[in-house]
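**Q** Please find one structure pasted underneath; my questions will follow.
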């Protein structure tokens, strides 16, 4: 198991704000341990006390992850695109949503945060159903399901930022792919050069995880995700 600190580092000192990297890394390491414990419990008949403990820990880690999103610098915050080329729309836009980021690394970090939160929600959902198989807490179950869908929408909104209008592999050529942008966050030369090479790679795992049927995403979203995964396979794996 991955060792985790006994005290959550909400502050580094009285006057120093916590580092977003430290916050996210610490929460993610706790999630590794939680997932390991959860898999062990699921391998045998689960005891109510064990499931209750897992549920409480999942909720605790989720709160810490949410706190991470409040500590990130302003330039890390996603901004809704104001200009979306038609070629980008044709390639794939989920519910007309598209967020722009300062760079791909920041966008990928946000998706790691979202991916971790979705895993936590699935664990919590399973716990709720195990604790009350005949009559689960509908209010809590609905809240968790809504959270999963919202986070999934946020991940889908990063697809145009990473992939733009790209629908095939482009090697070492810039300017062939169009990207959405906001008036306060234009497309950088670095992005136009690196995204055609790395954008599909960044999105692959996150979209694959969203295809998990247990998430209960809407059928039209499942279909859209399938199309985008096929698009990534063409771009990245030349299929």
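The values are calculated or read from the model by the stated rules, or taken from the named source; none is laboratory data. Here the structure is a predicted model, which means the values were calculated and not measured. Because the Cβ atoms are built from the backbone with ideal geometry, glycine has one as well, and the counts that use them run over all protein chains shown.
**Q** Here are the criteria: (1) over 22 Å from residue 83 (Cβ atoms); (2) surrounded by fewer than 12 Cβ atoms within 10 Å (Cβ to Cβ); (3) at pLDDT below 95. Tell me which single one residue 236 does not satisfy.
**A** (2) is the only condition that residue 236 fails.
**Q** Contact list please: Cβ distance under 7 Å, first residue in the stretch 84-95 and in contact (Cβ under 8 Å) with a residue 24 or more places away in the chain, second residue exposed (fewer than 14 other Cβ atoms within 10 Å of the Cβ), pairs at least six apart or on different chains.
**A** Close Cβ pairs satisfying both conditions: 92/227.
**Q** Separate question: Is it the case, given these coordinates, that residue 117 is surrounded by fewer than 17 Cβ atoms within 10 Å (Cβ to Cβ), at pLDDT 95 or above and in a helix (DSSP H, G or I)?
**A** On the way: surrounded by fewer than 17 Cβ atoms within 10 Å (Cβ to Cβ): no; at pLDDT 95 or above: yes; in a helix (DSSP H, G or I): yes.
No: the conditions fail for residue 117.
**Q** Among the residues of the stretch 182-210, what is the count of those that are in a loop (DSSP other than H, G, I, E, B) and either touching a strand residue (DSSP E or B) at 6+ places or on another chain (Cβ under 6 Å) or surrounded by 14 or more Cβ atoms within 10 Å (Cβ to Cβ) (or both)?
**A** Taking the stretch 182-210 as the starting set, the residues that turn out to be in a loop (DSSP other than H, G, I, E, B) are 183-184, 186-188.
Retained after the next criterion (residues that are either touching a strand residue (DSSP E or B) at 6+ places or on another chain (Cβ under 6 Å) or surrounded by 14 or more Cβ atoms within 10 Å (Cβ to Cβ) (or both)): 187-188.
Qualifying residue count for the region: 2.
**Q** Would you confirm whether any residue within the stretch 145-157 is part of a loop (DSSP other than H, G, I, E, B) and in contact with a helix residue (DSSP H, G or I) (Cβ under 6 Å, 6 or more places away or on another chain)?
**A** No: the stretch 145-157 contains no residue that is part of a loop (DSSP other than H, G, I, E, B) and in contact with a helix residue (DSSP H, G or I) (Cβ under 6 Å, 6 or more places away or on another chain).
**Q** Considering only the stretch 36-88, how many residues are under 23 Å from residue 147 (Cβ atoms), surrounded by fewer than 13 Cβ atoms within 10 Å (Cβ to Cβ) and at pLDDT below 90?
**A** Counting residues in the stretch 36-88 that are under 23 Å from residue 147 (Cβ atoms), surrounded by fewer than 13 Cβ atoms within 10 Å (Cβ to Cβ) and at pLDDT below 90 gives 1.
**Q** Here are some conditions: (1) assigned to a helix (DSSP H, G or I); (2) closer than 26 Å to residue 33 by Cβ. Residue 136 meets all but one. Which one does it not meet?
**A** Among (1) assigned to a helix (DSSP H, G or I); (2) closer than 26 Å to residue 33 by Cβ, the lone unmet condition for residue 136 is (1).
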